[in-house]
Amino acid sequence: MTFNRPITKWAYSVPAATKIQEALRRAFRIALAEPQGPVHLDASRDILLEHCESEPIAPAAYRPTSLAACSAADLDRAASLIGAAKRPILLAGGGVLRERSLGALRALAQATGIPVATLQYHPDAFPTSHPLALGPLGRNGWSSANRAMPEADVVIALGAHIDLFSTTFKYGIISRDAQLIHHSTVASDIGVVFPVAQAVVGSTLSFIDGLRERLRGRWEWTSVAQLRREWDDERKRLVDYNARPILPPVVAHAMREALPSDGIMIVDAGNAGKHMRVFMDTHEPDTFMYISDWGSVGAGLPIAMGAKLAKPKQPVMAAVGDMGMMCNIGELETAVRERIPIVSVVYNDRGLGNERAFQKELYGGRLFGVDYGDVDFAALARVFGAHGERVVDASQLVPALKRALASDLPAVVDVVIDQNTLAPVVYKK
C-alpha cells in the first residue's frame, strides 16, 4: 500500500471483511472524481475468504454521476472575448472524448467557422477528417496546426489539460499576445502553464453548448484547406517506399492505410510513436491512445490488449519500438491464451531510437548505450503461438499488416527500419 500511495489518488488496505464494500464505494468515488485517476485496494487472503452481507447500493446513491455545468457569468465573459476576436481558434482536449461531446463541438465549429486544433494526446477529440480540423498541435504535431495557432488572438482551450508536447510549456506555438480562455473540469489544471484571460470550470458539454448559444458571429480568417494541403505535401515528402532500409515514416503511413477508419491506434512512448502521430489521421472519436504525461516505454502492447477487450468489434493496432516490445513481450502469451487479437507493429532499429535522437540533438552526436543486437520479434511471436511476420521490403508492409489484422490472432509485424531517420525530439519552427 505504501508503494502505491505516490502513484495513485488513493491507496488503502482493507482491515476487515465488513469494510470491503465501503472501501469499494470510496474507491470508485475517488477514481471517477475529476481529475479521474487510479486507486489501489489491497486485502489479506483471510479477509477475502470471509463472508459478509451484501450492500446493494446503486452508484447514484454514493457518488455524483454528472458534472456541474459551467457558470453563466463565466460563459458570458468567454463569449464576449471571442466575440471581439479577429482570429480565434478552438483547442480541443480529452474532456471532449470523456463526455462524448464531439457532436456539440462539430456544431459549434460549423456554426462559427472557427478552426479546431487538438492537443497532441487527443487528435481524435476533433477528427482530422473534418474540414475545419487543423490537426494535433506541437512537437511531432501537424504544421497545419502549428502555423495557424501562433496567429490566433484568442485561444479557446476546452476540456484541456495543457501538456508539454503540445505547447513546449512556453510561448511560441501559442502567442504571448493571445488571450487564453481555458476550460477544464478540473480547476487546478487552469493557469498552470499559461496565464488565462478567462477561466471556466464545469462540464465540457455545458461549455460548448453555452458558447454556441451565445456566439452570433462567423469567422473565416484562415484557409484550413490550404494549410492541410501544405501539410499533406510536407509529410508526403517523408515517404519513400523505394528506400532501403525501410524509413520509419513509411511504416507509419502504411499502418494508417491498413487500419480501418474505426480502428484503434495505440502509440507507445519513444521514437516510433513520434513517427506515428505525424500520419495518424483520425476519423472517429476514441480511436487513438497515447501513454500521456508519464510516457512509460512498453505499455503499448498491454494497453492495446485492454482496448481490444473493451472494444472487441474494432481492430486494434499498436506502434511500438523494439525496446518497448521487449519490455512486455511476455504479455503475448496472455494475448494468445486469452485470444485477444491485436496487432503490434515493431519499429525495429536495433536500439533506442529516442535516446539516439536526443544524443544527436543535445550531445553533439556522441552516442552511448543506444545500440544492441538484432531481435527477430516475428519469430518470438510464433514461438508464443501468435501470428508473426518480419518485413524488410516496404512494398510488403501493407499486405503484411492486412494479413495480421485478418489472422484473428495476436500478431506481431516486425519491421526492420533505418536507424538514422529519427523523429524530432526538440520543437523547431
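Once you charge only the Cβ atoms, +1 for Lys and Arg and -1 for Asp and Glu, what is the size of the charge dipole of the range 156-281 about its Cα centre, to the nearest 20 debye?
Values: 15 positive and 15 negative charges, 48 e Å.
For this selection, approximately 240 debye.
Nearest 20 debye, what's the magnitude of the dipole of the range 130-216 about its Cα centre given +1 on Lys and Arg Cβ and -1 on Asp and Glu Cβ?
Working: 7 positive and 7 negative charges, 26 e Å.
Its charge dipole is roughly 120 debye.
Given a Förster radius of 35 Å and the C-beta distance between SER175 and SER261 as r, what FRET efficiency does 1/(1 + (r/R0)^6) yield to the nearest 0.05?
Working: r = 34 Å, r/R0 = 0.98.
Once the sixth-power term is evaluated, E becomes 0.55.
Taking the DSSP beta bridges in the range 271-418 as the whole, what percent of them are antiparallel, to the nearest 5? Before the final figure, lay out the partial values.
Working: 1 of 17 bridges.
Roughly 5 percent of the beta bridges in the range 271-418 run antiparallel, per DSSP.
Pick from THR222, THR118, THR18: which residue has the top mean-square fluctuation in a GNM of the chain where Cα pairs under 10 Å get a spring?
In the Gaussian network model the winner is THR18.
Relative to the present Cα-Cα distance, how much length would full extension add between THR168 and VAL383 at 0.36 nm per residue of separation?
73.1 nm
Subtracting the Cα-Cα distance from 0.36 nm times the residue separation, let me have the gained length for LEU24 to LEU48 in nm, one decimal.
Numbers: separation 24, 0.36 × 24 = 8.64 nm, distance 1.34 nm.
Length difference between fully extended and current span is 7.3 nm.
For GLU338 and LYS311 in one chain, what is 0.36 nm times their gap in residues minus the Cα-Cα distance, to one decimal in nm?
Working: separation 27, 0.36 × 27 = 9.72 nm, distance 1.50 nm.
So the extension gain works out to 8.2 nm.
Mind checking which of PRO35, ASN271, LEU119 is farthest towards the positive end of the chain's charge dipole, using Cβ charges of +1 (Lys, Arg) and -1 (Asp, Glu) about the Cα centre?
Sorting the options by dipole projection puts first LEU119.
Please build a GNM for the chain, connecting alpha carbons under 10 Å apart, and tell me which residue among TYR171, TYR12, TYR290 fluctuates the most.
Its mean-square fluctuation being the largest, the pick is TYR12.
Taking the chain as a Gaussian network, Cα atoms linked when under 10 Å apart, which of GLU257, GLU50, GLU22 shows the biggest mean-square fluctuation?
The residue that fluctuates most here is GLU50.
Take TRP142, TRP219 and sort them by solvent-accessible surface of the protein heavy atoms, 1.4 Å probe, largest at the top. Before the final figure, lay out the partial values.
On the way: TRP142 0, TRP219 25 Å².
So the residues, ranked largest to smallest area, are TRP219, TRP142.
Show that you can apply the helix-only estimate: for the chain, add -39,500 (n - 2.57) for every DSSP H stretch of four or more residues, divide by all residues, and state [θ] at 222 nm to the nearest 500.
Details: 17 runs with 151 residues, N = 429.
The helix contribution divided over the chain gives -10000 deg cm²/dmol.
For the residue pair TYR62 and HIS283, what label-to-label distance in nm results when each label sits 7 Å from Cα along the Cα-to-beta-carbon direction?
Each label point lies 7 Å from its Cα, and together they span 4.2 nm.
Computed from the mean reciprocal separation of all distinct C-alpha pairs, what Kirkwood hydrodynamic radius does the chain have, in Å?
Kirkwood radius, the chain: 23.2 Å.
Taking the Cα centre as origin and putting +1 on Lys and Arg beta-carbons and -1 on Asp and Glu beta-carbons, what dipole magnitude results for the chain, to the nearest 20 debye?
Values: 46 positive and 46 negative charges, 166 e Å.
Rounded to the nearest 20 debye, it is 800 debye.
At 7 Å along the Cα-to-beta-carbon direction for both GLU234 and LYS402, put a label point, then send me their distance in nm to one decimal.
3.1 nm
Starting at the first residue of the range 320-337, write each ³J(HN,Hα) from the Karplus equation 6.51 cos²θ - 1.76 cosθ + 1.60 with θ = phi - 60°, in whole Hz, x for Gly and Pro.
9, x, 5, 5, x, 5, 5, 4, 9, 5, x, 5, 4, 4, 4, 4, 5, 4
Can you pull out the trypsin sites (Lys or Arg not before Pro) in the range 219-257 that DSSP calls coil and that have at most 15 other Cβ atoms within 10 Å? Walk me through the intermediate numbers first.
Numbers: sites: ARG228, ARG229, ARG235, LYS236, ARG237, ARG256; in loops: ARG237.
When the trypsin sites (Lys or Arg not before Pro) of the range 219-257 are filtered for loop state and at most 15 Cβ neighbours within 10 Å, ARG237 remain.
Kindly sort MET280, MET289 by accessible area of their heavy atoms, largest first, with the probe set to 1.4 Å. Don't skip to the answer; put the middle values down first.
Values: MET280 5, MET289 85 Å².
My answer, sorted largest first, is MET289, MET280.
The values are calculated or read from the model by the stated rules, or taken from the named source; none is laboratory data. Everything numeric here is computed off the predicted structure, so don't read it as measured data. So basically every Cβ, Gly included, is an ideal-geometry build from the backbone, and we count neighbours across all protein chains shown. The protein model used for the area step is the full one, side chains on, heavy atoms only, and it has no ligands, DNA or RNA in it. Shrake-Rupley method; radii C 1.70, N 1.55, O 1.52, S 1.80 Å.
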